[in-house]
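So the structure is just underneath, and the comments pick up after that.
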Amino acid sequence: MSPLSIHASQPSPELFELPWELPLQDWPQETVAALPKGISRHVVRFVHLADHLVAVKETTEELARREYDLLKSLGRLEAPAVEPVAIVSDRRSAEGESLPPALVTRHLKFSLPYRAVFSHTLRPETATRLVDAMALLLVKLHLEGFYWGDVSLSNTLFRRDAGAFAAYLVDAETGALHPGGLSSGQRESDLEIARVNVAGELLDLHAGARLDPDIDAVEMAGSIVESYRSLWEALTSQETFDRSERWRIRERIDKLNTLGFDIEELSMASDESGTTLSIQPKVVDSGHHQRRLIRLTGIDAGENQARELLNDLDSYRATFYPDQAVDEEMLAHEWLTRVFEPVVRAIPRDLRTKLEPAEVFYQLLHHRARLSRAQDRDVSLAEALSVYIDDVLVHRRDEATVMGPPTGAITPPHPTGELNWRDLV
(Lines give C-alpha, C1' and ligand atoms only; values in the text may rest on other atoms or scores of the structure.)
Protein backbone atom coordinates (compact mmCIF):
# COMPACT_ATOMS: atom_id res chain seq x y z
CA MET A 1 0.00 0.00 0.00
CA SER A 2 1.37 3.42 -0.95
CA PRO A 3 1.91 5.87 1.92
CA LEU A 4 -1.07 7.99 2.92
CA SER A 5 -0.79 11.76 2.49
CA ILE A 6 -2.37 13.95 5.20
CA HIS A 7 -2.20 17.72 5.16
CA ALA A 8 -3.49 18.97 8.54
CA SER A 9 -3.91 22.38 10.12
CA GLN A 10 -2.77 20.94 13.47
CA PRO A 11 -0.91 17.75 14.43
CA SER A 12 -3.53 14.98 14.55
CA PRO A 13 -1.82 11.56 14.68
CA GLU A 14 -5.24 10.01 15.34
CA LEU A 15 -6.08 10.63 11.68
CA PHE A 16 -3.76 7.78 10.68
CA GLU A 17 -5.83 5.35 12.76
CA LEU A 18 -8.97 5.79 10.64
CA PRO A 19 -9.76 3.13 8.00
CA TRP A 20 -8.75 5.17 4.96
CA GLU A 21 -8.27 1.96 2.92
CA LEU A 22 -12.07 1.56 2.86
CA PRO A 23 -14.55 3.64 0.84
CA LEU A 24 -16.22 6.08 3.22
CA GLN A 25 -19.64 4.45 2.76
CA ASP A 26 -18.16 1.16 4.04
CA TRP A 27 -16.62 2.47 7.25
CA PRO A 28 -17.58 0.24 10.21
CA GLN A 29 -20.25 1.30 12.69
CA GLU A 30 -17.79 1.38 15.59
CA THR A 31 -15.90 4.13 13.77
CA VAL A 32 -18.84 6.25 12.65
CA ALA A 33 -20.69 8.54 15.09
CA ALA A 34 -24.48 8.46 14.91
CA LEU A 35 -25.19 12.12 14.14
CA PRO A 36 -27.87 13.53 11.85
CA LYS A 37 -26.55 14.50 8.42
CA GLY A 38 -27.85 16.96 5.88
CA ILE A 39 -28.34 16.25 2.19
CA SER A 40 -25.02 16.24 0.33
CA ARG A 41 -23.82 15.40 -3.15
CA HIS A 42 -20.87 13.66 -1.49
CA VAL A 43 -20.56 10.76 0.95
CA VAL A 44 -20.16 12.21 4.46
CA ARG A 45 -19.47 10.48 7.77
CA PHE A 46 -18.99 11.78 11.33
CA VAL A 47 -16.24 10.11 13.34
CA HIS A 48 -14.57 10.51 16.72
CA LEU A 49 -11.10 12.02 16.59
CA ALA A 50 -9.33 12.32 19.96
CA ASP A 51 -11.66 14.39 22.15
CA HIS A 52 -13.87 15.82 19.42
CA LEU A 53 -15.95 14.89 16.38
CA VAL A 54 -15.06 15.52 12.76
CA ALA A 55 -16.95 15.30 9.49
CA VAL A 56 -15.22 13.39 6.69
CA LYS A 57 -16.31 14.08 3.10
CA GLU A 58 -15.08 12.28 0.00
CA THR A 59 -14.45 14.64 -2.88
CA THR A 60 -11.81 15.42 -5.50
CA GLU A 61 -8.26 16.61 -4.85
CA GLU A 62 -8.97 19.99 -6.40
CA LEU A 63 -12.22 20.58 -4.53
CA ALA A 64 -10.74 19.39 -1.23
CA ARG A 65 -7.81 21.78 -1.52
CA ARG A 66 -10.06 24.65 -2.61
CA GLU A 67 -12.54 24.19 0.21
CA TYR A 68 -9.80 23.67 2.81
CA ASP A 69 -8.11 26.94 1.83
CA LEU A 70 -11.41 28.84 1.76
CA LEU A 71 -12.44 27.60 5.20
CA LYS A 72 -9.01 28.54 6.58
CA SER A 73 -9.42 32.06 5.16
CA LEU A 74 -12.93 32.38 6.56
CA GLY A 75 -11.61 31.26 9.95
CA ARG A 76 -9.01 34.02 9.93
CA LEU A 77 -11.83 36.46 9.19
CA GLU A 78 -13.85 34.96 12.07
CA ALA A 79 -16.72 34.30 9.68
CA PRO A 80 -19.46 31.86 10.78
CA ALA A 81 -18.20 28.66 9.14
CA VAL A 82 -16.94 25.22 10.13
CA GLU A 83 -13.22 24.72 10.82
CA PRO A 84 -11.05 22.69 8.41
CA VAL A 85 -8.91 19.95 9.95
CA ALA A 86 -7.15 18.07 7.15
CA ILE A 87 -6.98 16.88 3.57
CA VAL A 88 -6.37 13.14 3.17
CA SER A 89 -5.12 12.02 -0.25
CA ASP A 90 -3.27 9.14 -1.90
CA ARG A 91 -5.87 6.73 -0.51
CA ARG A 92 -5.83 3.18 -1.81
CA SER A 93 -7.83 0.07 -0.99
CA ALA A 94 -6.27 -3.19 0.18
CA GLU A 95 -6.35 -4.28 -3.47
CA GLY A 96 -4.45 -1.15 -4.53
CA GLU A 97 -7.41 0.62 -6.12
CA SER A 98 -7.44 4.42 -5.90
CA LEU A 99 -9.97 5.98 -3.50
CA PRO A 100 -11.25 9.56 -3.50
CA PRO A 101 -9.43 12.16 -1.38
CA ALA A 102 -11.26 13.32 1.75
CA LEU A 103 -11.77 16.68 3.43
CA VAL A 104 -11.96 16.60 7.22
CA THR A 105 -13.70 19.42 9.13
CA ARG A 106 -14.41 19.84 12.84
CA HIS A 107 -17.99 19.19 13.81
CA LEU A 108 -19.74 22.29 15.13
CA LYS A 109 -20.96 21.43 18.63
CA PHE A 110 -24.69 21.69 19.33
CA SER A 111 -25.42 22.25 15.64
CA LEU A 112 -27.91 20.40 13.46
CA PRO A 113 -28.84 20.28 9.78
CA TYR A 114 -32.19 21.83 9.00
CA ARG A 115 -33.94 18.46 8.60
CA ALA A 116 -32.93 17.48 12.12
CA VAL A 117 -33.99 20.82 13.54
CA PHE A 118 -37.44 20.23 12.10
CA SER A 119 -37.96 16.54 12.69
CA HIS A 120 -41.66 17.31 13.07
CA THR A 121 -43.90 19.89 11.48
CA LEU A 122 -42.18 23.18 10.73
CA ARG A 123 -44.30 25.98 12.20
CA PRO A 124 -44.52 29.42 10.51
CA GLU A 125 -42.72 31.31 13.28
CA THR A 126 -39.93 28.71 13.32
CA ALA A 127 -39.54 28.91 9.55
CA THR A 128 -39.27 32.68 9.81
CA ARG A 129 -36.45 32.43 12.34
CA LEU A 130 -34.69 29.94 10.12
CA VAL A 131 -34.89 32.23 7.11
CA ASP A 132 -33.71 35.22 9.15
CA ALA A 133 -30.69 33.23 10.32
CA MET A 134 -29.89 32.32 6.71
CA ALA A 135 -30.18 35.95 5.63
CA LEU A 136 -27.90 37.10 8.43
CA LEU A 137 -25.32 34.44 7.57
CA LEU A 138 -25.32 35.51 3.94
CA VAL A 139 -24.92 39.18 4.89
CA LYS A 140 -21.95 38.38 7.14
CA LEU A 141 -20.26 36.33 4.43
CA HIS A 142 -20.85 38.99 1.78
CA LEU A 143 -19.43 41.67 4.06
CA GLU A 144 -16.21 39.62 4.13
CA GLY A 145 -16.18 39.41 0.34
CA PHE A 146 -17.22 35.73 0.18
CA TYR A 147 -19.30 34.55 -2.77
CA TRP A 148 -20.99 31.28 -1.79
CA GLY A 149 -22.29 30.02 -5.12
CA ASP A 150 -24.50 27.30 -3.59
CA VAL A 151 -26.57 28.92 -0.85
CA SER A 152 -29.00 26.42 0.63
CA LEU A 153 -30.36 25.09 3.88
CA SER A 154 -28.53 21.83 3.18
CA ASN A 155 -25.18 23.61 3.13
CA THR A 156 -25.87 25.28 6.46
CA LEU A 157 -25.76 24.18 10.08
CA PHE A 158 -27.99 25.73 12.73
CA ARG A 159 -27.56 26.32 16.45
CA ARG A 160 -30.42 27.31 18.67
CA ASP A 161 -29.75 30.76 20.05
CA ALA A 162 -32.09 32.11 22.75
CA GLY A 163 -35.27 31.47 20.82
CA ALA A 164 -33.71 32.14 17.45
CA PHE A 165 -31.15 30.36 15.31
CA ALA A 166 -27.52 31.04 14.46
CA ALA A 167 -26.46 29.79 11.02
CA TYR A 168 -23.02 28.57 9.92
CA LEU A 169 -21.61 27.75 6.49
CA VAL A 170 -20.71 24.07 6.22
CA ASP A 171 -19.94 23.61 2.51
CA ALA A 172 -17.69 26.09 0.72
CA GLU A 173 -16.48 24.14 -2.28
CA THR A 174 -18.33 26.38 -4.76
CA GLY A 175 -17.32 29.60 -3.02
CA ALA A 176 -14.74 32.26 -3.75
CA LEU A 177 -13.22 34.94 -1.55
CA HIS A 178 -12.81 38.41 -3.05
CA PRO A 179 -10.69 40.66 -0.78
CA GLY A 180 -11.87 43.75 -2.66
CA GLY A 181 -15.51 42.95 -1.89
CA LEU A 182 -18.36 41.58 -3.97
CA SER A 183 -20.04 43.27 -6.89
CA SER A 184 -23.80 43.81 -6.88
CA GLY A 185 -24.07 41.10 -9.54
CA GLN A 186 -22.28 38.56 -7.37
CA ARG A 187 -24.48 39.32 -4.39
CA GLU A 188 -27.63 39.15 -6.52
CA SER A 189 -26.48 35.80 -7.92
CA ASP A 190 -26.15 34.37 -4.41
CA LEU A 191 -29.59 35.73 -3.52
CA GLU A 192 -31.22 34.11 -6.54
CA ILE A 193 -29.49 30.80 -5.78
CA ALA A 194 -30.71 31.05 -2.19
CA ARG A 195 -34.28 31.79 -3.29
CA VAL A 196 -34.45 28.82 -5.66
CA ASN A 197 -32.67 26.32 -3.40
CA VAL A 198 -34.55 27.22 -0.22
CA ALA A 199 -37.89 27.07 -2.05
CA GLY A 200 -37.06 23.57 -3.27
CA GLU A 201 -35.98 22.43 0.18
CA LEU A 202 -39.13 23.80 1.82
CA LEU A 203 -41.29 22.19 -0.86
CA ASP A 204 -39.53 18.92 -0.09
CA LEU A 205 -40.43 19.34 3.59
CA HIS A 206 -44.01 20.07 2.54
CA ALA A 207 -44.14 16.88 0.49
CA GLY A 208 -43.01 14.95 3.55
CA ALA A 209 -45.72 16.59 5.72
CA ARG A 210 -43.04 18.36 7.77
CA LEU A 211 -44.05 21.87 6.78
CA ASP A 212 -47.06 23.69 8.16
CA PRO A 213 -49.75 23.69 5.43
CA ASP A 214 -50.26 27.42 5.95
CA ILE A 215 -46.67 28.16 4.89
CA ASP A 216 -46.15 29.12 1.26
CA ALA A 217 -42.71 27.64 0.48
CA VAL A 218 -42.06 29.98 -2.45
CA GLU A 219 -43.10 33.04 -0.46
CA MET A 220 -40.99 31.94 2.50
CA ALA A 221 -37.96 31.49 0.25
CA GLY A 222 -38.54 34.96 -1.15
CA SER A 223 -38.52 36.38 2.36
CA ILE A 224 -34.86 35.43 2.72
CA VAL A 225 -34.14 37.94 -0.05
CA GLU A 226 -36.26 40.59 1.66
CA SER A 227 -34.60 39.99 5.02
CA TYR A 228 -31.16 40.11 3.40
CA ARG A 229 -31.88 43.41 1.63
CA SER A 230 -33.16 44.98 4.83
CA LEU A 231 -30.04 43.94 6.75
CA TRP A 232 -27.66 44.94 3.96
CA GLU A 233 -29.27 48.37 3.66
CA ALA A 234 -29.04 48.96 7.41
CA LEU A 235 -25.41 47.89 7.53
CA THR A 236 -23.91 49.44 4.43
CA SER A 237 -26.08 52.27 3.11
CA GLN A 238 -24.80 55.82 3.09
CA GLU A 239 -26.97 58.32 4.90
CA THR A 240 -26.92 62.10 4.42
CA PHE A 241 -28.27 64.70 6.83
CA ASP A 242 -27.69 68.22 8.03
CA ARG A 243 -24.91 69.03 10.50
CA SER A 244 -27.52 70.24 12.99
CA GLU A 245 -28.94 66.69 13.14
CA ARG A 246 -25.95 65.03 14.79
CA TRP A 247 -28.31 62.96 16.89
CA ARG A 248 -29.06 60.93 13.75
CA ILE A 249 -25.54 59.49 13.93
CA ARG A 250 -26.43 58.03 17.31
CA GLU A 251 -29.78 56.83 15.96
CA ARG A 252 -28.06 55.00 13.09
CA ILE A 253 -25.60 53.35 15.48
CA ASP A 254 -28.39 52.29 17.83
CA LYS A 255 -30.26 50.70 14.94
CA LEU A 256 -27.22 48.65 13.97
CA ASN A 257 -26.63 47.62 17.58
CA THR A 258 -30.24 46.45 17.76
CA LEU A 259 -29.62 44.26 14.73
CA GLY A 260 -26.76 42.63 16.61
CA PHE A 261 -23.83 44.43 14.97
CA ASP A 262 -21.18 46.65 16.47
CA ILE A 263 -19.38 49.59 14.89
CA GLU A 264 -15.63 49.91 14.80
CA GLU A 265 -15.61 53.23 12.96
CA LEU A 266 -17.72 55.45 10.73
CA SER A 267 -16.64 56.69 7.32
CA MET A 268 -17.80 60.30 7.06
CA ALA A 269 -17.62 63.08 4.48
CA SER A 270 -19.25 66.49 4.08
CA ASP A 271 -20.56 67.97 0.85
CA GLU A 272 -19.07 70.97 -0.98
CA SER A 273 -21.19 73.45 0.94
CA GLY A 274 -19.98 72.00 4.22
CA THR A 275 -23.50 71.92 5.66
CA THR A 276 -24.34 68.21 5.44
CA LEU A 277 -22.68 65.00 6.57
CA SER A 278 -22.73 61.58 4.95
CA ILE A 279 -21.99 58.53 7.09
CA GLN A 280 -21.27 54.92 6.21
CA PRO A 281 -20.59 52.41 8.99
CA LYS A 282 -17.88 49.77 9.14
CA VAL A 283 -19.32 46.70 10.82
CA VAL A 284 -17.32 44.34 13.03
CA ASP A 285 -18.02 41.58 15.51
CA SER A 286 -18.15 42.32 19.21
CA GLY A 287 -15.46 41.60 21.77
CA HIS A 288 -12.79 44.17 21.01
CA HIS A 289 -14.28 47.40 22.35
CA GLN A 290 -12.90 47.17 25.87
CA ARG A 291 -9.37 46.69 24.58
CA ARG A 292 -9.66 49.52 22.09
CA LEU A 293 -11.14 51.95 24.62
CA ILE A 294 -8.52 51.31 27.29
CA ARG A 295 -5.76 51.57 24.67
CA LEU A 296 -7.02 54.94 23.43
CA THR A 297 -8.26 56.56 26.63
CA GLY A 298 -7.23 54.49 29.66
CA ILE A 299 -10.91 54.06 30.56
CA ASP A 300 -11.59 50.55 31.86
CA ALA A 301 -15.27 49.93 31.12
CA GLY A 302 -17.62 47.05 30.44
CA GLU A 303 -18.01 45.85 26.86
CA ASN A 304 -21.36 47.57 26.27
CA GLN A 305 -20.16 50.75 27.94
CA ALA A 306 -16.97 50.69 25.87
CA ARG A 307 -18.96 50.28 22.68
CA GLU A 308 -21.14 53.29 23.50
CA LEU A 309 -18.20 55.48 24.45
CA LEU A 310 -16.34 54.56 21.28
CA ASN A 311 -19.45 55.29 19.24
CA ASP A 312 -19.55 58.75 20.81
CA LEU A 313 -15.88 59.20 19.97
CA ASP A 314 -16.70 58.42 16.34
CA SER A 315 -19.60 60.87 16.44
CA TYR A 316 -17.20 63.50 17.77
CA ARG A 317 -14.90 62.93 14.82
CA ALA A 318 -17.87 63.09 12.41
CA THR A 319 -18.81 66.48 13.83
CA PHE A 320 -15.44 68.22 13.97
CA TYR A 321 -13.19 66.38 11.51
CA PRO A 322 -15.45 65.02 8.72
CA ASP A 323 -12.94 65.50 5.91
CA GLN A 324 -9.65 65.20 7.75
CA ALA A 325 -7.36 62.29 8.48
CA VAL A 326 -6.89 62.66 12.23
CA ASP A 327 -4.56 60.53 14.34
CA GLU A 328 -6.81 58.22 16.37
CA GLU A 329 -4.88 58.58 19.61
CA MET A 330 -4.76 62.38 19.38
CA LEU A 331 -8.49 62.44 18.62
CA ALA A 332 -9.21 60.17 21.58
CA HIS A 333 -7.19 62.42 23.90
CA GLU A 334 -9.12 65.46 22.68
CA TRP A 335 -12.47 63.73 23.19
CA LEU A 336 -11.37 62.58 26.66
CA THR A 337 -10.37 66.07 27.82
CA ARG A 338 -13.14 68.04 26.07
CA VAL A 339 -16.11 65.70 26.49
CA PHE A 340 -15.75 62.79 28.91
CA GLU A 341 -13.75 64.34 31.76
CA PRO A 342 -15.83 67.57 31.93
CA VAL A 343 -18.96 65.44 32.31
CA VAL A 344 -17.39 63.47 35.15
CA ARG A 345 -16.28 66.67 36.90
CA ALA A 346 -19.73 68.21 36.49
CA ILE A 347 -21.43 65.55 38.60
CA PRO A 348 -22.16 67.06 42.05
CA ARG A 349 -20.03 65.58 44.81
CA ASP A 350 -22.98 64.11 46.66
CA LEU A 351 -24.04 62.18 43.55
CA ARG A 352 -20.68 60.73 42.54
CA THR A 353 -21.28 57.46 44.39
CA LYS A 354 -24.46 56.77 42.46
CA LEU A 355 -22.75 55.19 39.44
CA GLU A 356 -19.28 54.72 38.05
CA PRO A 357 -18.14 57.39 35.55
CA ALA A 358 -18.37 55.17 32.47
CA GLU A 359 -21.93 54.14 33.36
CA VAL A 360 -22.95 57.75 33.98
CA PHE A 361 -21.62 58.74 30.57
CA TYR A 362 -23.27 55.76 28.92
CA GLN A 363 -26.66 56.63 30.43
CA LEU A 364 -26.19 60.29 29.58
CA LEU A 365 -25.68 59.50 25.90
CA HIS A 366 -28.94 57.56 25.77
CA HIS A 367 -30.76 60.28 27.70
CA ARG A 368 -29.48 62.85 25.25
CA ALA A 369 -30.62 60.74 22.29
CA ARG A 370 -34.12 60.44 23.75
CA LEU A 371 -34.34 64.18 24.30
CA SER A 372 -33.11 64.88 20.76
CA ARG A 373 -35.69 62.57 19.24
CA ALA A 374 -38.48 63.93 21.39
CA GLN A 375 -37.64 67.53 20.54
CA ASP A 376 -36.56 66.84 16.94
CA ARG A 377 -33.36 68.77 17.40
CA ASP A 378 -29.76 68.20 18.43
CA VAL A 379 -29.78 68.62 22.22
CA SER A 380 -26.33 69.59 23.49
CA LEU A 381 -24.52 67.34 25.91
CA ALA A 382 -24.44 70.12 28.50
CA GLU A 383 -28.20 70.57 28.30
CA ALA A 384 -28.82 66.83 28.46
CA LEU A 385 -26.49 66.50 31.45
CA SER A 386 -28.42 69.07 33.45
CA VAL A 387 -31.71 67.26 32.77
CA TYR A 388 -30.17 63.85 33.43
CA ILE A 389 -28.80 64.90 36.83
CA ASP A 390 -32.10 66.41 37.96
CA ASP A 391 -34.45 63.79 36.50
CA VAL A 392 -32.48 60.55 36.70
CA LEU A 393 -29.28 60.53 38.70
CA VAL A 394 -30.60 62.07 41.91
CA HIS A 395 -33.17 59.28 42.18
CA ARG A 396 -30.70 56.41 41.95
CA ARG A 397 -29.37 54.63 45.02
CA ASP A 398 -25.65 54.75 45.77
CA GLU A 399 -24.10 51.76 44.01
CA ALA A 400 -20.76 52.46 45.64
CA THR A 401 -22.25 51.49 48.99
CA VAL A 402 -24.10 48.51 47.57
CA MET A 403 -21.39 47.05 45.35
CA GLY A 404 -18.22 48.35 46.92
CA PRO A 405 -16.05 51.35 46.04
CA PRO A 406 -15.59 52.30 42.38
CA THR A 407 -12.63 50.55 40.78
CA GLY A 408 -10.39 52.90 38.92
CA ALA A 409 -11.69 56.44 38.85
CA ILE A 410 -11.16 58.08 35.49
CA THR A 411 -10.05 61.51 36.67
CA PRO A 412 -9.48 63.20 40.01
CA PRO A 413 -12.53 65.17 41.16
CA HIS A 414 -12.51 68.79 40.11
CA PRO A 415 -11.98 71.07 43.13
CA THR A 416 -15.32 72.78 42.61
CA GLY A 417 -17.18 70.11 40.71
CA GLU A 418 -18.09 72.76 38.16
CA LEU A 419 -18.14 72.21 34.41
CA ASN A 420 -16.79 74.52 31.75
CA TRP A 421 -19.74 74.24 29.40
CA ARG A 422 -17.64 75.52 26.50
CA ASP A 423 -15.74 72.24 26.65
CA LEU A 424 -18.84 70.26 25.80
CA VAL A 425 -20.37 69.73 22.39
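The values are calculated or read from the model by the stated rules, or taken from the named source; none is laboratory data. Quick caveat, the model's predicted, so the values are computed rather than measured. What goes into the accessible areas is simple: the full protein's heavy atoms, side chains included, and nothing from ligands, DNA or RNA. Shrake-Rupley method; radii C 1.70, N 1.55, O 1.52, S 1.80 Å.
Mind jotting down the distance between the C-alpha centroids of segment 363-380 and segment 65-81, whole Å?
43 Å
Which whole-number percent gives the relative contact order of segment 189-235, counting Cα pairs below 8 Å spaced six or more residues apart?
Details: 25 pairs, mean separation 20.2, N = 47.
Normalised by residue count, the contact order of segment 189-235 is 43 percent.
On a C-alpha basis, how far is the centre of segment 132-181 from the centre of segment 223-258 in Å? Whole number, if you could?
Here the answer is 22 Å between Cα centres.
How much of the accessible area of segment 171-211, probe 1.4 Å, is carbon plus sulfur, in whole percent? Please report the intermediate quantities before stating the final value.
Numbers: 1030 of 1830 Å².
That fraction is 56 percent.
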